[in-house]
Amino acid sequence: MLQIFKKIILILFLLTSCSFALSLDDKIGQMIILGFNGNSVESKGFKKILKDVEKGKISGVILFSKNIKSKNDLIKMNEKLLSSSDIVPFIAVDNEGGAIQRHNFYKSLTAQQVSKKNEAQIIKEYSKMADVLSELKFNVNFAPCVDLAINKNSIIVKKQRSYGSNPKRVSKIARIFILEHNKRKIITSIKHFPGHGSAKGDTHKGFVNSSGVFDKNELVPYEELKDLDKMNMVMVSHIYNKNIDKDFPASLSKKTVNDLLIDKIGFKGVVISDDYDMGAIRKNYSLRDIVVNSINAGVDIMLFSNNIGRNNKTISSDIHKIIKEEIKKGTIKEEDIDKSCEKIMALKSSL
């Protein structure tokens, strides 16, 4: 009974803290997820990121293969992170299946392989995936990928990351993925809004333009799955489409995030960016430009992997400094920070 009472108190704290209990720095911290170097609790990089979580400078972490030395070390790190703060941190991983799986403790199927299974088999596959992530103490999986298999030259299709070209079928499988994770208290993130399956090119490496190939059916999974926003995020890609916004790629675009995803489609949950360290963004925008434009676009959580040719040890402090400076200038509204924080806290209350 005492444990239930404590959980209720924590949920109430999370839901009200943005308006009352949290400082501006705390609110900003909830909008940042970072990657780090290190693969054990003794690693220098892990100790640094742990301090960031303890001090509320970041909302959580994303782990990659480089962070996973052994199952035991991984669990110890994640447990240490989870116990480090009164506000539960996000412990995230990319685990779509197939090539997009950061651990090797078992081999999951690619999205393409899953699409050929019947419903019972799909449930079994994603139940197993979620069980393993739960055992490893992850509470966020940046998946499923709901990009449509439209362009055979798309990196999504080449790596078998799509469930197919039929948006209704894609949505049905993605819903199973989401619900099986949610049963284990794992948040998911459908991606890559507004759609990566029609475009050729890799945003990890540089600018990708979908202007001449984008298909409106790519939006259907987001329309179909928007009701799952209580334990599901939407990840916005770095795809550029001049027909949606002639000035900015999706993850920095108010027309894409606020106007299309939030207002038109009606998604009310947390919006997270794809990794802002990817070439499509970092080769073209400064950190200040990224921060200002992402917040003004309607992005709630900024993701920086510290993983693609860079490791910025001061990035959390740099982001805090930029946001506070831009609030003073009037280029960022503090009420937008509050709104994002409230959505993030509501999401965390489900964990």
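Just a few scattered comments:
- Residue check, His238 part of a strand (DSSP E or B) and at pLDDT 95 or above: no
- Given (1) touching a residue at least 24 places away in the same chain (Cβ under 8 Å); (2) at negative phi, index of the condition Asp227 fails: (1)
- Flag for Ala143 being touching a residue at least 24 places away in the same chain (Cβ under 8 Å), part of a helix (DSSP H, G or I) and crowded, with 18+ Cβ neighbours inside 10 Å: no
- Being modelled with pLDDT of 95 or more, among the small types (Gly, Ala, Ser) and more than 22 Å from Ile319 (Cβ to Cβ) is not true of Ser59.
- Flag if Leu347 is in a loop (DSSP other than H, G, I, E, B) and under 19 Å from Lys230 (Cα atoms): no
- For Leu303, the stated conditions do not hold, so it cannot be described as outside any loop (DSSP other than H, G, I, E, B), hydrophobic (A, V, I, L, M, F, W, C), over 16 Å from Ile32 (Cβ atoms) and in contact (Cβ under 8 Å) with a residue 24 or more places away in the chain.
- The residue that is farthest from Val53 (Cα to Cα), counting only those in the stretch 306-316 that are of a type outside the set (Gly, Ala, Ser) and without any contact (Cβ under 8 Å) to a residue 40 or more places away in the chain, is Arg310.
- Residue ID - nearest to the chain's Cα centre (by Cα), chosen from residues in the stretch 146-204 that are in a strand (DSSP E or B) and closer than 21 Å to Ser108 by Cα: Ser189
- Residue ID - surrounded by the most Cβ atoms within 10 Å (Cβ to Cβ), chosen from residues in the stretch 271-300 that are small (Gly, Ala, Ser) and either without any contact (Cβ under 8 Å) to a residue 12 or more places away in the chain or part of a loop (DSSP other than H, G, I, E, B) (or both): Gly298
- Of the residues Val257, Val220, Val234, the single one that is more than 22 Å from Ile344 (Cα to Cα), touching a residue at least 40 places away in the same chain (Cβ under 8 Å) and not acidic (Asp, Glu) is Val220.
- Just one of the numbered conditions (1) free of Cβ contacts under 8 Å to residues at least 12 places away in the same chain; (2) in contact with a strand residue (DSSP E or B) (Cβ under 9 Å, 6 or more places away or on another chain); (3) of a type outside the set (Gly, Ala, Ser) is not true of Lys159: (1).
- In the stretch 38-48, residue surrounded by the fewest Cβ atoms within 10 Å (Cβ to Cβ) [restricted to those that are in contact with a helix residue (DSSP H, G or I) (Cβ under 8 Å, 6 or more places away or on another chain) and closer than 28 Å to Cys341 by Cβ]: Gly38
- Qualifying residues in the stretch 317-338 (those that are touching a residue at least 24 places away in the same chain (Cβ under 8 Å), in a helix (DSSP H, G or I) and over 14 Å from Asp25 (Cβ atoms)) - the one nearest to the chain's Cα centre (by Cα): Asp336
- Checked against the criterion of being β-branched (Val, Ile, Thr) and under 20 Å from Glu342 (Cα atoms), the candidates Ile239, Ile281, Ile301, Ile290 yield just one match: Ile301.
- Among (1) closer than 26 Å to Ala130 by Cα; (2) outside any loop (DSSP other than H, G, I, E, B), the one test that Asn217 misses: (1)
- Whichever residue in the stretch 209-222 is crowded, with 17+ Cβ neighbours inside 10 Å and more than 20 Å from the chain's Cα centre (by Cα) and, among such residues, is nearest to Leu261 (Cα to Cα): Asn217
- Glu342 being modelled with pLDDT of 95 or more, exposed (fewer than 15 other Cβ atoms within 10 Å of the Cβ) and either over 15 Å from the mean Cα position of the chain (by Cα) or assigned to a helix (DSSP H, G or I) (or both): no
The values are calculated or read from the model by the stated rules, or taken from the named source; none is laboratory data. Since we're looking at a predicted model, the values are computed, not measured. Glycine also receives a Cβ, built like all others from the backbone with ideal geometry; neighbour counts cover every protein chain displayed.
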